[in-house]
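Asker: Pasting a structure below so you can have a look.
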Amino acid sequence: MMAWLMGLTSISPPDLQQCLARHDAILVVDVNARASWLASRVPGAVHLDPLAFEARDLPADRRAPLVFYCSNPFCRKAPSAERRARQMGFTDVRVMSAGIAGWLDAGLPTESGAPGSAAPPPSPSVLSAPRTSPSRPS
């Protein structure tokens, strides 16, 4: 909603999902709090601070497609980040105005945790604990 009111170009969650499924070269940027990004994000999305990112944090090609999103349609962080990127000279910049809330409401896949992190290995006590079978009544 904020993106529309601000006259920005937006993309819907299903349309963004189609771009990602086609493996379009698009940088998706989550500008929510880091904790929110770690909890749930669009697959492949990078996290940037909407007020502190610099041109070097974005692709060198100023024509590269960028999509910013924040939490929901009433959030102003993604529209602000979109305007900031345009001021840096980026020309193909959009906002997923539905935010991560709209992505989740659409039932689309997400990632969570730090990139490249896997589940921690079981603790040594779990590995060495003897296995017991349930007792049976006599």
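The values are calculated or read from the model by the stated rules, or taken from the named source; none is laboratory data. Given the structure is predicted, the values throughout are model-derived calculations rather than measurements. Ideal geometry is used to build each Cβ from the backbone, glycine not excepted, and the neighbour counts take in all protein chains shown.
Asker: Restricting the first residue to segment 49-68 and requiring it to be in contact (Cβ under 8 Å) with a residue 24 or more places away in the chain and over 17 Å from VAL28 (Cβ atoms), which pairs with a second residue that is of a type in the set (A, V, I, L, M) and part of a loop (DSSP other than H, G, I, E, B) meet a Cβ separation below 6 Å and a spacing of at least six or different chains?
Answerer: ALA55/MET88
Asker: Now for a different question. Would a scan of segment 83-94 turn up a residue that is in contact with a helix residue (DSSP H, G or I) (Cβ under 8 Å, 6 or more places away or on another chain), closer than 17 Å to GLN18 by Cβ and not small (Gly, Ala, Ser)?
Answerer: yes
Asker: Could you count how many residues in segment 86-112 are under 16 Å from ILE11 (Cα atoms) and buried (at least 20 other Cβ atoms within 10 Å of the Cβ)? Write out each step before concluding.
Answerer: Going residue by residue through segment 86-112, those that are under 16 Å from ILE11 (Cα atoms) are 91-106, 108.
Cutting the leftovers down to buried (at least 20 other Cβ atoms within 10 Å of the Cβ) gives us 93-100, 103.
Going through segment 86-112 one residue at a time, the tally reaches 9.
Asker: Restricting the search to segment 22-57, which residues are over 15 Å from the mean Cα position of the chain (by Cα) and of a type in the set (A, V, I, L, M)?
Answerer: At the first step, the residues of segment 22-57 found to be over 15 Å from the mean Cα position of the chain (by Cα) are 22-25, 51-57.
Once the filter is applied, which keeps residues that are over 15 Å from the mean Cα position of the chain (by Cα) and of a type in the set (A, V, I, L, M), segment 22-57 yields ALA25, LEU51, ALA52, ALA55.
Asker: So which of ASP24, ASP61, ASP57 is surrounded by fewer than 16 Cβ atoms within 10 Å (Cβ to Cβ), more than 22 Å from ARG84 (Cα to Cα) and of a type in the set (Asp, Glu)?
Answerer: On the way: ASP61 fails: more than 22 Å from ARG84 (Cα to Cα); ASP57 fails: more than 22 Å from ARG84 (Cα to Cα).
Going through ASP24, ASP61, ASP57 in turn, just one is surrounded by fewer than 16 Cβ atoms within 10 Å (Cβ to Cβ), more than 22 Å from ARG84 (Cα to Cα) and of a type in the set (Asp, Glu): ASP24.
Asker: Please specify each residue of segment 46-93 satisfying the condition of being of a type in the set (D, E, K, R) and touching a Pro at 6+ places or on another chain (Cβ under 8 Å). Steps first, answer last, please.
Answerer: Filtering segment 46-93 for residues of a type in the set (D, E, K, R) gives 49, 54, 56-57, 61-63, 76-77, 82-84, 86, 92.
Those that are of a type in the set (D, E, K, R) and touching a Pro at 6+ places or on another chain (Cβ under 8 Å): LYS77, ARG84, ASP92.
Asker: Right, another one. So if I check each of VAL46, VAL31, which one is among the hydrophobic types (A, V, I, L, M, F, W, C), closer than 19 Å to ALA81 by Cα and buried (at least 18 other Cβ atoms within 10 Å of the Cβ)?
Answerer: On the way: VAL46 fails: buried (at least 18 other Cβ atoms within 10 Å of the Cβ).
One residue alone meets the criteria, VAL31.
Asker: State which residue pairs qualify: first residue of a type in the set (Asp, Glu) and modelled with pLDDT of 90 or more and inside segment 1-30, second residue surrounded by 14 or more Cβ atoms within 10 Å (Cβ to Cβ) and in a helix (DSSP H, G or I) in any location, beta carbons under 7 Å apart, and separation of 6 or more residues or different chains.
Answerer: ASP30/TRP37
Asker: Just checking, which of ALA35, ALA60, ALA64, ALA25 is assigned to a helix (DSSP H, G or I), farther than 20 Å from ALA106 by Cβ and hydrophobic (A, V, I, L, M, F, W, C)? It would help to see each step written out before you state the result.
Answerer: Numbers: ALA60 fails: assigned to a helix (DSSP H, G or I); ALA64 fails: assigned to a helix (DSSP H, G or I); ALA25 fails: assigned to a helix (DSSP H, G or I).
The conditions single out ALA35.
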